[in-house]
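The values are calculated or read from the model by the stated rules, or taken from the named source; none is laboratory data. What you see is a predicted model; the values in this text were computed from it and never measured. Note that we place each Cβ from the backbone using ideal geometry, even for glycine, and neighbour counts take in every protein chain shown. All accessible areas refer to the heavy atoms of the entire protein, side chains included, with ligands and DNA or RNA removed. Shrake-Rupley method; radii C 1.70, N 1.55, O 1.52, S 1.80 Å.
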Amino acid sequence: WITVESSVGDGTRFEVFLPALAPDRGHETGAMSSADNALEPSLVGRVLLLEDEMGLRERIERVLTGREYSVVACGTLAEARESFRLASGEFDLFLSDMVLPDGRGVELVMELREEKPELSVLLITGHADESTDWQLVREANLPVLLKPFGIEDLVVRIEEVLEGGRT
């Protein structure tokens, strides 16, 4: 699929998403390319995903479940808060958009960490303006992945956060 974003004076951005090809049956069946190896998670865990853009949320959920992560996907702060509480905070990672229609992902991070201080976090955002809580992000030393990002970038960053226990 292709997504297009355009704004007067800022230009136009195209994102082209192409399907992965299945390995050629004529080659060794057990072999994986280095690109395939890069996408295999070294850690599998439970992820609470908060992303208001439905298409992106579904793609991220599909990618992570395909790599054996258990994902609870939410579109609002209220849904994420409720999912966290229903699961008694048993998540290894909170993957959250920073700017949502019903509030700020960073504020929910701080709230959830009151209940589970060791919760690993990875924030995602396409905003670089004052709508983003950059000061709070810096003070809390929270890792951020900027949109648009590739699948490999996402998986690698998640692994880094989980492996390093980076919070």
Relative contact order of the range 84-167 (C-alpha contacts under 8 Å, at least 6 apart) in percent is 30 percent
Determine the share of the range 69-162's accessible area contributed by carbon and sulfur atoms, expressed in whole percent, with a 1.4 angstrom probe.
49 percent
Given a 1.4 Å probe, the accessible area of the range 53-145 per residue, as a whole number of Å², is 48 Å²
Roughly how many nanometres apart are two label points built 7 Å out from the Cα toward the Cβ at Val156 and Glu79?
3.0 nm
